[in-house]
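The values are calculated or read from the model by the stated rules, or taken from the named source; none is laboratory data. Remember, it's a predicted structure, so these values are computed and weren't measured experimentally. Here the Cβ positions follow ideal geometry from the backbone for every residue, glycine too, while neighbour counts run over all protein chains shown.
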Amino acid sequence: MNRQTEPGFLYERVADRITLLIDRGTLRPGDRVPSVRKLSETQDVSISTALQAYRILEDRGMIEARPQSGYYVRPRLWRRPPEPEVSAPASIPTRVGTGDLIMRVLKSVRDPEMVQFGAAVPSPRHPRQSTAYDMPPGNEALRIQVARRMIEAGCTLGPHDLVTTCGAQEALNLCLKAVAKPGDTIAIESPTFYGILQAIEVLGLRALPIPTHPREGVNIEALRFAVEQKRVRACLFVTNYSNPLGSCTSDANKRRLVQTLAERDVPLIEDDIYGDLHFGPERPKVAKAFDRKGLVLLCSSFSKTLAPGYRVGWIAPGRFKERVEYLKFVSNIATPSLPQMAVAEFLSNGGYDRHLRRIRKVYADQVARTTRAISRYFPEGVENALMTLGRLAAETSNRPVR
């Protein structure tokens, strides 16, 4: 073989030639290979190049050095198989149907009874600092803590009812994908959060705005008419402290909302990202608390209460859990492990509740000061100038502030 045309470093090329002799059986296990000096002479290379070539062969497990004897071919525990032929797939487009096979294989990564030959994952030598995928439905400790917290919101959930996500935005996207297809109509509040509009746009869905009251939220009668007449595929509402209105739907209207949609099997995607930031003595219930058919997909995250950069959210997807899990897996495989572990620990040791008590007071004070400033400095004719996270006082009107 011409030295001038072979690719790679010279010592690599020499090592490859010896490897080829071993693979072909010219040099067999136990055979002594040429000495370093002899190799340098026959291959026309320097002593240092020959020595480096043998070091590469040692690293490959091809040869071994024996004291005062030289280098020998090591016994081979396996024979290198021939390279496979070029694949010959069908030359026509076909539907892809992997089902849940891939997901089941990767979920088995954490099974201590199985040796993982089919998944490339780090050794679980330090399980507490594991860097393995937290396959959907996600970190169990976090799901347990979330399920316990949702008791206060009126929900009876187990960890098996939850799927963790990379924030609430991913949760909303997964839910929309699970219940609708491009061209379907999604009923939304009017006005609504821009992130909801972006998700609907990107997924090729159509938005149907529903009249929304700044105190009570979506008009149930208008929604009922829309569901009956407009072929609404699903709804996406923020029932507690909506953005930008700040409305908080009463329990009675949440019950009516869920019942109205359940009559026609219309799913409700509920975004409760602000639920923990209430100013009153009790956390408001979620619409999911009145769900009896598994049609409410409850979404939330810790982005507004802890830090948006953690990207830790979750879904209680009801009857759509299997579909949501699969979509989560094909989207990004898993939610990062360490943020889930950190948030789970913060929830379990009481730190999160202490943090909430502190920031609720801070936010309530900031809202009060901002309201006073608006009343004092804004011009006449300004209406609905402030989104609040607390219920508006009963005597509050929408008259122009002065």
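Glu12 satisfies every condition listed in (1) acidic (Asp, Glu); (2) at pLDDT below 90; (3) in a helix (DSSP H, G or I) except (2). If you go through the range 227-260 and pick out every residue that is part of a strand (DSSP E or B) and in contact with a Lys or Arg (Cβ under 7 Å, 6 or more places away or on another chain), you end up with 1.
Of all residues in the range 268-303 being in a strand (DSSP E or B) and small (Gly, Ala, Ser), which is nearest to Ser242 (Cα to Cα)?
Ser300
A count restricted to the range 324-360 and to residues that are among the β-branched types (Val, Ile, Thr), over 20 Å from Ile273 (Cα atoms) and either over 16 Å from the mean Cα position of the chain (by Cα) or modelled with pLDDT of 90 or more (or both) stands at 1. Only residues that are over 16 Å from Gly138 (Cβ atoms), among the aliphatic types (A, V, I, L, M) and either within 17 Å of the chain's Cα centre (by Cα) or assigned to a strand (DSSP E or B) (or both) were counted in the range 304-323, giving 1. Within the set Arg360, Arg311, Arg369, Arg323, the sole residue that is over 24 Å from Met135 (Cβ atoms) and in contact (Cβ under 8 Å) with a residue 60 or more places away in the chain turns out to be Arg360.
The number of residues in the range 329-351 that are over 15 Å from Ala141 (Cα atoms) and assigned to a helix (DSSP H, G or I) comes to 5. Here Asn139, Asn240, Asn219 are screened, and the one residue that is in the same structural domain as Gln259 (by TED's automatic domain parsing) and without any contact (Cβ under 8 Å) to a residue 40 or more places away in the chain is Asn219.
On the basis of being within 24 Å of the chain's Cα centre (by Cα), among the aliphatic types (A, V, I, L, M) and surrounded by 15 or more Cβ atoms within 10 Å (Cβ to Cβ), does Ala226 make the cut? When the stated conditions are applied, Ala226 does not pass them.
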